[in-house]
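Student: Below is a structure I'd like to ask you about.
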Amino acid sequence: MIRTNNSRGIESKPVQDHRVPLTWNEITRDAAIIEYEADDIKNRAANTRKEATNQVLLNKAAEYDKLGKIKLLEKLADLGFSWRDIAKMLNVSVVSVRKWRRDQSIAPINRKRISLLLALCDYLKEEDMINEVASWFEIPIYSGVPITPIDLFAKRKENLLIELAKGKLESDRVLDNFDPSWRDKYRSDFEVFIASDGNLSIRLKETE
């Protein structure tokens, strides 16, 4: 019940609130609808962000496409990538990379992948504050599992790689998306530990 004063200072009649209180079932229903709508907005926003990021990478890669293959390889080397890692990310042999360095022919798809890799490195440096990108590519995504960002790029999982760099997905979630069987594949009964002499050693894991 609410009392108000009009412009003449005369107290008006009480205002009755005729709203019917919601039941707990109705509140639960409304909350579920709000949660669904919030999840939908979140998913659409995430998809829009991914599409925009992909377009940024494509635009950057298109600029790199204008350079010669030797210049592209030099830029990767300047970032700190080894020829072995470049070969692995492009799914070719080190011999092939060496031939490209001697100005021998390169398949258009490989040239575009090199341009995309350079664009991705630029993006990671500019957006995610990863300065030593080549070193970051070599770091295992999850302790004890020999899967690195190099493997993600080799399998054309650039979106996963970006989600990892941005911290949008935890390391184990990234691996779940990359290889659902990774836990069984890389399970070990041993663990690495620092021994009393300060050196790394290996021992059986303790059973719970």
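Every read-out reported here was derived from the displayed coordinates using simple, explicitly stated rules and does not represent laboratory data. Predicted model only: the values in this text are computed from it and were never measured. Using ideal geometry, Cβ is built from the backbone for each residue, glycine included, and neighbour counts are taken over all protein chains shown.
Student: For the stretch 24-179, state the average projected area of the convex hull of the C-alpha atoms over all orientations, rounded to one decimal in nm².
Tutor: Across all orientations, the stretch 24-179 yields a mean hull projection of 11.3 nm².
Student: Which entries of Lys75/Lys155; Lys66/Lys99; Lys125/Lys185; Lys69/Lys168 show an alpha-carbon separation above 26 angstrom in the structure shown? Before the final figure, lay out each step's value.
Tutor: On the way: Lys75/Lys155 22 Å; Lys66/Lys99 20 Å; Lys125/Lys185 32 Å; Lys69/Lys168 33 Å.
Those over the limit are Lys125/Lys185; Lys69/Lys168.
Student: Within the set of other residues whose C-beta is less than 15 Å from the C-beta of Arg102, count the net charge using Lys and Arg as +1 and Asp and Glu as -1.
Tutor: Charge balance near Arg102 sits at +3.
Student: State to the nearest 20 debye the size of the charge dipole of the chain about its Cα centre, where the only charges are +1 on K and R beta carbons and -1 on D and E beta carbons.
Tutor: In total the dipole reaches around 1060 debye.
Student: Loop-only check: which chymotrypsin sites (Phe, Trp or Tyr not before Pro) in the stretch 147-196 are DSSP coil with at most 14 other Cβ within 10 angstrom?
Tutor: Numbers: sites: Phe153, Phe178, Trp182, Tyr186, Phe190, Phe193; in loops: Tyr186.
Listed in order of number, the matching sites are Tyr186.
Student: I've got another one for you. Using the beta-carbon distance between Glu74 and Lys125 and R0 = 22 Å, what value does 1/(1 + (r/R0)^6) give for FRET efficiency, to the nearest 0.05? Each step should come with its number before you reach the end.
Tutor: Values: r = 17 Å, r/R0 = 0.79.
Computed FRET efficiency for Glu74 and Lys125 comes out at 0.80.
Student: Let me ask another. Within the chain, which whole H helices from DSSP have a Cα span along their axis of at least 24 Å and a mean Kyte-Doolittle hydropathy of -1.0 or more, if any?
Tutor: Passing helices, by number: 24-64, 108-127.
Student: Let me ask you something else. I'd like the FRET efficiency for Gln104 and Asp184, computed as 1/(1 + (r/R0)^6) with the beta carbon distance as r and R0 of 45 Å, rounded to 0.05.
Tutor: 0.60
Student: Give me the net charge for the shell around Val92: Cβ to Cβ below 10 angstrom, other residues only, Lys and Arg +1, Asp and Glu -1.
Tutor: +3
Student: Count charges around Leu76 for me, please; just the other residues with Cβ under 13 Å from its Cβ, Lys/Arg as +1, Asp/Glu as -1.
Tutor: On the way: positive: Lys69, Lys71, Lys75, Arg84, Lys88, Arg101, Arg111, Arg113; negative: Glu74, Asp78, Asp85, Asp122.
Net of charged neighbours comes to +4.
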